[in-house]
1. Ignoring ligands, DNA and RNA, how do Met83, Met73 rank by accessible area with a 1.4 Å probe, largest first?
2. By the scheme Lys and Arg +1, Asp and Glu -1, what is the net charge of all other residues having a beta-carbon under 15 Å from that of Val110?
3. Residues with beta-carbon under 13 Å from that of Asp164, excluding Asp164: net charge, scoring Lys, Arg +1 and Asp, Glu -1?
4. For Glu104, tell me the accessible area in Å² from a 1.4 Å probe, rounded to the nearest 10.
5. Assuming 0.36 nm per residue, please report the length gained on full extension of the stretch Ala132 to Gln65 beyond their Cα-Cα distance.
6. Quote the relative contact order of the range 51-166 in percent (integer), defining contacts as alpha-carbon pairs under 8 Å separated by 6+ residues.
7. What does the charge count around Gln65 come to, taking other residues whose C-beta lies under 12 Å from its C-beta (Lys +1, Arg +1, Asp -1, Glu -1)?
Amino acid sequence: MGQAHRPTGNDSDTPSPPEAPASRRNLLLELGALPVAATALTATVALCMALVAFGNITDFGTNQQFVRHVLSMDTTFEDPDLMWRAIESPALQDAAYVAVIVWETLAALVLLAATWFWITGLRRDAYDRARAASTVGLVMVLLLFGVGFLAIGGEWFAMWQSSDWNGLDAAARNLALAAFTLLVVHLPGARGRAAADRT
């Protein structure tokens, strides 16, 4: 009897383990790239700001009352040492509210444009315009919720003292999201090959 043939690793008919197609691996790498994350985060903040502005425009009265109570400081501890800061003029209160809505709308538009720049930049691996527009829009959000709500509303008008009209938690969430997105947008990996080649 002849000796049985034992297959070796060099036999051409030995099946090799299946491998993922190169195109699928490339797609996963592209989806896991920082520019894609920056695009998604910018789009998220843009959507949030657009919905906030839309809600304030279509349901004007609800947050109008919020702004009026915050500025008049009528639900705080009403400490005489602080109450001189209160703004009781309805005209000035409404002007401040309209200014907030305008700022929110502009920030949403800038971030929507930035999202479009990210999407189109993904095709060319060039993100300078997207990063610049994102930075402007995100800084607008940081100023709105950091300066406007936390500093001016929370501290100057003592909103932290109010249990009924207190927007500090919502402002902090929006501030954290915008700050995190701004950080991701400016990470070195989100610059793209074209920008990296120039440096």
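1. Met83, Met73
2. Counting the neighbours of Val110, the net charge comes to +1.
3. On the way: positive: Arg68; negative: Asp74.
Residues near Asp164 contribute 0 overall.
4. 10 Å²
5. Values: separation 67, 0.36 × 67 = 24.12 nm, distance 3.56 nm.
Extra length available between Ala132 and Gln65 comes to 20.6 nm.
6. The value is 34 percent.
7. Values: positive: Arg68; negative: Asp59, Asp74, Asp94, Asp164.
Result for the neighbourhood of Gln65: -3.
The values are calculated or read from the model by the stated rules, or taken from the named source; none is laboratory data. Small disclaimer: the values here were computed from a predicted structure and weren't measured. Here Cβ is always computed from backbone atoms with ideal geometry, including for glycine, and neighbour counts include all displayed protein chains. Note: accessible area is taken over every heavy atom of the protein model, side chains too, but ligands, DNA and RNA are not part of it. Shrake-Rupley method; radii C 1.70, N 1.55, O 1.52, S 1.80 Å.
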